[in-house]
2 protein chains.
Amino acid sequence: MCELLAMSANTPTDLCFSFTGLTRRGGETGPHKDGWGVAFYEGKGIRCFHDSDASASSRLAEVVQTHPIKSEVALCHIRQANVGEICLANTHPFIRELWGRYWVCAHNGQLTGFRAPEGFYEPVGSTDSEALFCDMLNHLRSHCHRDDSLEQMVERLVKLSSHYASQGVFNLLLSNGDWLFTYCTTKMASITRRAPFGPARLKDTDVTIDFEAETTPNDVVSVIVTEPLTTDEKWDIYQPGEWRLWRQGEVVMKGGAEN
Amino acid sequence: MCELLAMSANTPTDLCFSFTGLTRRGGETGPHKDGWGVAFYEGKGIRCFHDSDASASSRLAEVVQTHPIKSEVALCHIRQANVGEICLANTHPFIRELWGRYWVCAHNGQLTGFRAPEGFYEPVGSTDSEALFCDMLNHLRSHCHRDDSLEQMVERLVKLSSHYASQGVFNLLLSNGDWLFTYCTTKMASITRRAPFGPARLKDTDVTIDFEAETTPNDVVSVIVTEPLTTDEKWDIYQPGEWRLWRQGEVVMKGGAEN
């Protein structure tokens with residue numbers, strides 16, 4: 001399997017603290033040592049890093065940990081390979097252009113036997129995750145329009161996600177740089193940090209941060225993960241089947257929870 | 001304008017030496033300080049770095065200079081903005097997926113007034129270079145087939161390139177990871193290094209290398225640039241209208257030269 005991390009913020013914010021925690025799980029505190037990747041939106045552009053080495057010992061991961069890259073939306077993945085060999089082409093997040101925007105996807109889970117019909121977007125590697133992502137984009141291109149409302153787009157995404165989720169484990173992060181769609185079948189949790197900010201301590205390594213010193217009073221920064229990263233904060237756990245759409249650090253639409 | 005650098009090799013080879021020379025021109029020995037980017041193929045996967053800062057002083061560029069990333073095909077660009085603002089989305093090289101492969105493009109020049117017809121691939125940023133690249137891929141998708149021979153594909157690329165070249169300056173690097181297509185309208189030069197290897201000295205900074213110590217006798221490594229990078233080697237200058245197709249360090253097809 002693997003682990004996911006995403007950020008949605010109302011101001012460009014770096015991911016150093018969360019990324020430092022997550023990457024420990026790539027070969028040190030966790031078994032997800034078969035590659036890692038991260039994509040940071042900067043306006044409509046993207047800055048991405050992919051490596052097929054273990055994140056806990058990757059020189060490139062160290063650079064990303066220590067070099068604050070500020071973004072309003074970022075998606076990150078550390079991999080424990082099941083479907084598809086260990087190689088760069090199989091390393092999430094995956095990126096494609098649709099309607100003049102970069103779309104980025106990272107997936108946790110497995111849809112055994114998933115076969116995507118032929119379409120415009122094709123996987124480059126051999127993971128079911130990339131095949132799923134291409135299938136989603138092919139559906140959007142066929143059934144939605146670039147000018148559709150966010151509600152229409154999300155309705156389609158939820159329908160597609162439920163369909164995939166019926167075939168296996170489907171924890172998803174998907175963004176077009178404007179919003180971040182998250183879907184949980186087995187594990188996902190989020191935290192929204194806003195004033196008054198406090199300190200936080202990572203679970204996977206002896207690092208604490210005082211967000212008060214790193215932020216301004218208007219900042220709203222949410223972090224979404226498959227497993228909580230800190231020990232002294234209250235994470236909001238998704239229910240199976242729950243989805244949340246994030247924009248500028250806030251949940252702007254949600255559904256699928258049983259209560 | 002801007003400058004281009006590419007590598008084609010028959011064995012995974014790092015780009016540190018050439019990249020170190022080129023990036024000096026991004027704000028130190030040259031005016032191309034409006035961003036830089038590089039893409040390294042690794043199998044069918046891609047490792048890429050993009051930055052809208054000046055390459056001569058970019059922390060990320062320093063990492064790429066000192067962290068040997070081995071590849072058989074790499075493409076690099078340093079930018080001096082003319083069309084399109086300075087931002088990450090306007091930073092070459094541009095990447096799209098076609099037929100289950102990543103295609104990468106970097107362009108030097110300007111096609112004033114170029115307007116691409118609508119198509120499947122769309123630019124994310126506002127450069128004429130990205131619009132051109134999308135137009136090329138839209139043409140390939142419409143007029144070629146994934147199983148076409150290399151000769152058929154190249155014939156189409158040459159025809160397209162001549163068409164663009166008739167509208168302005170069009171120095172091009174384009175790769176699908178298997179081969180590297182290069183087209184010159186105003187400036188391009190190449191060097192092929194093979195045994196017996198010798199030393200080389202960069203033009204833009206006081207760095208020399210002894211390739212003998214870095215290679216094996218069977219290595220063939222070619223570097224293609226808009227302006228030669230070393231002072232003590234003989235570069236092979238392209239003529240206007242000349243194109244060369246590189247594969248594993250060798251020119252496998254060429255044309256367009258007047259003699």
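Figures for the structure shown
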quantity	calculated
Boolean, A:Ala39 is aliphatic (A, V, I, L, M) and over 16 Å from the mean Cα position of the chain (by Cα)	no
Sole residue being touching a Leu at 6+ places or on another chain (Cβ under 7 Å), closer than 25 Å to A:Ile78 by Cα and at pLDDT 95 or above, chosen from A:Thr230, A:Thr185, A:Thr192	A:Thr230
Single unsatisfied condition, B:Trp103 versus (1) more than 11 Å from chain A (Cβ to nearest Cβ); (2) touching a residue at least 60 places away in the same chain (Cβ under 8 Å)	(1)
Test: residue in the stretch B:235-248 that is open to solvent by 40 Å² or more (accessible area, probe 1.4 Å) and among the small types (Gly, Ala, Ser)	no
Filter result for A:Phe114 (more than 11 Å from every other protein chain (Cβ to nearest Cβ), under 29 Å from A:Val158 (Cβ atoms) and surrounded by fewer than 18 Cβ atoms within 10 Å (Cβ to Cβ))	yes
Matching residues, the stretch B:117-132, being within 11 Å of chain A (Cβ to nearest Cβ) and closer than 21 Å to B:Gly37 by Cα	B:Tyr121, B:Glu122, B:Pro123, B:Val124, B:Gly125, B:Ser126, B:Glu130, B:Ala131
Residue list for the stretch A:13-48, filter: open to solvent by 10 Å² or more (accessible area, probe 1.4 Å), touching a Cys at 6+ places or on another chain (Cβ under 6 Å) and either more than 14 Å from chain B (Cβ to nearest Cβ) or in a strand (DSSP E or B) (or both)	A:His32
Condition broken by A:Leu4, with the remaining ones in (1) under 24 Å from B:Glu62 (Cα atoms); (2) open to solvent by less than 10 Å² (accessible area, probe 1.4 Å); (3) of a type outside the set (Gly, Ala, Ser) satisfied	(1)
Residue count for the stretch A:54-79, restricted to those that are away from every other protein chain (no Cβ under 11 Å) and charged (D, E, K, R)	3
Close pairs from the stretch B:107-134: first among the aromatic types (Phe, Trp, Tyr), partner at pLDDT 95 or above and crowded, with 24+ Cβ neighbours inside 10 Å, Cβ under 6 Å, at least 6 apart	B:Phe133/B:Phe94; B:Phe133/B:Cys105
Answer from B:Asn10, B:Asn82 - the residue that is away from every other protein chain (no Cβ under 14 Å), open to solvent by 40 Å² or more (accessible area, probe 1.4 Å), in contact with a strand residue (DSSP E or B) (Cβ under 8 Å, 6 or more places away or on another chain) and modelled with pLDDT of 90 or more	B:Asn10
Every residue from the stretch A:200-259 that is among the charged types (D, E, K, R) and either part of a loop (DSSP other than H, G, I, E, B) or in contact with a Pro (Cβ under 7 Å, 6 or more places away or on another chain) (or both)	A:Lys203, A:Asp204, A:Asp206, A:Asp210, A:Asp219, A:Glu227, A:Asp232, A:Glu233, A:Lys234, A:Glu242, A:Glu258
Among (1) within 26 Å of A:Val124 (Cα to Cα); (2) under 16 Å from the mean Cα position of the chain (by Cα) - the single one B:Val154 does not satisfy	(2)
Residue within the stretch A:196-218 that is without any contact (Cβ under 8 Å) to a residue 24 or more places away in the chain, more than 21 Å from A:Ala9 (Cβ to Cβ), of a type outside the set (Ser, Thr, Tyr) and surrounded by fewer than 13 Cβ atoms within 10 Å (Cβ to Cβ) present	yes
Members of the stretch A:85-94 that are more than 8 Å from chain B (Cβ to nearest Cβ) and crowded, with 18+ Cβ neighbours inside 10 Å	A:His92, A:Pro93, A:Phe94
Test for A:Arg115: is it in contact with a strand residue (DSSP E or B) (Cβ under 9 Å, 6 or more places away or on another chain) and among the basic types (Lys, Arg)	no
Filter result for B:Leu180 (closer than 21 Å to B:Arg244 by Cβ and surrounded by 24 or more Cβ atoms within 10 Å (Cβ to Cβ))	yes
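The values are calculated or read from the model by the stated rules, or taken from the named source; none is laboratory data. Because the structure is predicted, anything quoted here is derived from the model rather than measured. Positions of Cβ are generated from backbone atoms using ideal geometry, with glycine treated the same way; all protein chains shown enter the neighbour counts. Accessible surface areas use protein heavy atoms only, side chains included; no ligands, DNA or RNA. Shrake-Rupley method; radii C 1.70, N 1.55, O 1.52, S 1.80 Å.
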